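**Student:** Please find one structure pasted underneath; my questions will follow.
The values are calculated or read from the model by the stated rules, or taken from the named source; none is laboratory data. Since the structure is predicted, the reported quantities are computational estimates derived from the model, not experimental observations. Glycine also receives a Cβ, built like all others from the backbone with ideal geometry; neighbour counts cover every protein chain displayed.
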């Protein structure tokens, strides 16, 4: 398959006779090429910028169809459309940067060549100013002459080169932040390249490259390469912070590039030796920088990653937080209700028994529930029913006072019949049968009259078995009733 979609090739007989041509393999077959209207790229300009600032507009000379083998056997081939145009021999800037880590030549020599190329690229970008030109180093060629690296730079047509770099597999432009434009974008790109030259690594190596760029998450070059000239380090760090929201840099992209050129260029316009960009550090300074580096790594590995985890999963976290909050409120409500429920704490067994029967007239079925532990709950259910009826009538009739009168109060007021709205117990007597509070078990006999609305009284005789519960509160565990 295609290895490099933007490349320089020897001229073919069917093409114009020139020393070399630059080729753009679009990865499109003839039909797709026509359907996507890629032929419009033939009029898109590129630029050749010379060392004195003059520029020459470059345009594609034509399109031809080329065949590439599908596999190593070369038995099957596939056709692609290729845009081409004349150009002097040169080398892609991104390939020069890749050679820094190759073993074909010494690292120092590769760094020097790359530094010269980047210096020429910066000058050419500044000569172009705000003129739109391809930002990716993969679309820039440093032209070769007898003097090896010259200051002439070719910028391929922007949209055509972007298409070809995508076909190569460069889905992400690792040298540019999409939030920057013009000279600021050039300053950022230049300093990413300088960072790679001086440290051997990319400042934004992770898959979250654009998020790192926007948040200014990178190891400052004075920590990645401590020997780097301090002024150059400050300029590179300032440029890499340009797209960050927290950027407070006082320098613009143009100021940064101007000062970088002053550092990299000699008086005769030649590029400074890369070794002169390194300085000797004192032991104290090395210790200080190592501490800063450890602090950065801690912040990146803990604070930054934690913050991003919460950002990426914020909807899930918000949902879980709401769920936990609801559960907490629900649980707290249950606990609070349980704590507020009446108990028989501090009451003697006889007091519990008497209070149980008095609760009939006050319709306090909740307290009656607290008095019972295992005994029959029919009294509670009956009292709760009258409570519900009373509340419903109050709401319906807009009455302020309860509409069910306590039997005890009714009797104190004369006890006149008929007793239409009377409910409760009267004439209660409590007789001790056996057991004692000391033993934790006691039996009483309760005799009383039960009054219900619109009904005559019932004469009841209950045998109450009472015990202490685990909290040492007296509870009614059994009711044996005789009724007539």
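**Student:** Considering 378, 373, which residue is surrounded by 15 or more Cβ atoms within 10 Å (Cβ to Cβ), under 30 Å from residue 431 (Cα atoms) and out of contact with any helix residue (DSSP H, G or I) (no Cβ under 6 Å at 6 or more places or on another chain)? Let's see the steps before the verdict.
**Tutor:** On the way: 378 fails: surrounded by 15 or more Cβ atoms within 10 Å (Cβ to Cβ).
From the options 378, 373, the qualifying one is 373.
**Student:** Quick test for you: out of 387, 444, 438, pick the one residue that is buried (at least 18 other Cβ atoms within 10 Å of the Cβ) and not in a strand (DSSP E or B).
**Tutor:** Values: 444 fails: not in a strand (DSSP E or B); 438 fails: buried (at least 18 other Cβ atoms within 10 Å of the Cβ).
Going through 387, 444, 438 in turn, just one is buried (at least 18 other Cβ atoms within 10 Å of the Cβ) and not in a strand (DSSP E or B): 387.
**Student:** Then there is this: Output the number of residues of region 210-235 satisfying the condition of being crowded, with 19+ Cβ neighbours inside 10 Å, assigned to a helix (DSSP H, G or I) and under 19 Å from the mean Cα position of the chain (by Cα).
**Tutor:** Selection size over region 210-235: 2.
**Student:** If you go through region 136-190 one residue at a time, how many are under 21 Å from residue 110 (Cβ atoms), in a loop (DSSP other than H, G, I, E, B) and at pLDDT 90 or above?
**Tutor:** Final tally of qualifying residues: 2.
**Student:** Counting just the residues of region 326-363 that are over 23 Å from residue 435 (Cα atoms) and either in contact (Cβ under 8 Å) with a residue 24 or more places away in the chain or buried (at least 18 other Cβ atoms within 10 Å of the Cβ) (or both), which one comes out nearest to the chain's Cα centre (by Cα)? Working first, answer last.
**Tutor:** To start, the set of residues in region 326-363 that are over 23 Å from residue 435 (Cα atoms) comprises 326-342, 358-363.
So of that shortlist, the ones also either in contact (Cβ under 8 Å) with a residue 24 or more places away in the chain or buried (at least 18 other Cβ atoms within 10 Å of the Cβ) (or both) come out as 341-342, 358-363.
Values: 341: 45, 342: 48, 358: 62, 359: 58, 360: 60, 361: 61, 362: 58, 363: 56 Å.
Only one residue fits best here, namely 341.
**Student:** Show the residue pairs that are 6+ apart or on different chains and have beta-carbon atoms under 6 Å apart, the first residue being within region 297-313 and within 16 Å of residue 216 (Cα to Cα), the second being assigned to a helix (DSSP H, G or I) and modelled with pLDDT of 70 or more.
**Tutor:** none
**Student:** Check residue 270 against each of (1) more than 30 Å from residue 129 (Cα to Cα); (2) at pLDDT 80 or above and name the one condition it does not meet.
**Tutor:** Of everything listed in (1) more than 30 Å from residue 129 (Cα to Cα); (2) at pLDDT 80 or above, residue 270 misses just condition (1).
**Student:** Would you be able to tell me the number of residues in region 390-419 that are touching a helix residue (DSSP H, G or I) at 6+ places or on another chain (Cβ under 7 Å), under 18 Å from residue 454 (Cβ atoms) and surrounded by 18 or more Cβ atoms within 10 Å (Cβ to Cβ)?
**Tutor:** 4
**Student:** If we keep just the residues of region 168-209 that are touching a residue at least 40 places away in the same chain (Cβ under 8 Å), more than 28 Å from the chain's Cα centre (by Cα) and surrounded by fewer than 19 Cβ atoms within 10 Å (Cβ to Cβ), which is nearest to residue 27 (Cα to Cα)?
**Tutor:** My answer is 168.
**Student:** Which residue is surrounded by the most Cβ atoms within 10 Å (Cβ to Cβ), if the candidates are limited to region 33-58 and must be touching a strand residue (DSSP E or B) at 6+ places or on another chain (Cβ under 8 Å) and without any contact (Cβ under 8 Å) to a residue 40 or more places away in the chain?
**Tutor:** Just the residues of region 33-58 that are touching a strand residue (DSSP E or B) at 6+ places or on another chain (Cβ under 8 Å), to begin with: 33, 38-39, 41-42, 45-51, 55-58.
Pick out the ones that are also without any contact (Cβ under 8 Å) to a residue 40 or more places away in the chain and you get 39, 56-57.
Details: 39: 13, 56: 11, 57: 8.
The extreme case among them is 39.
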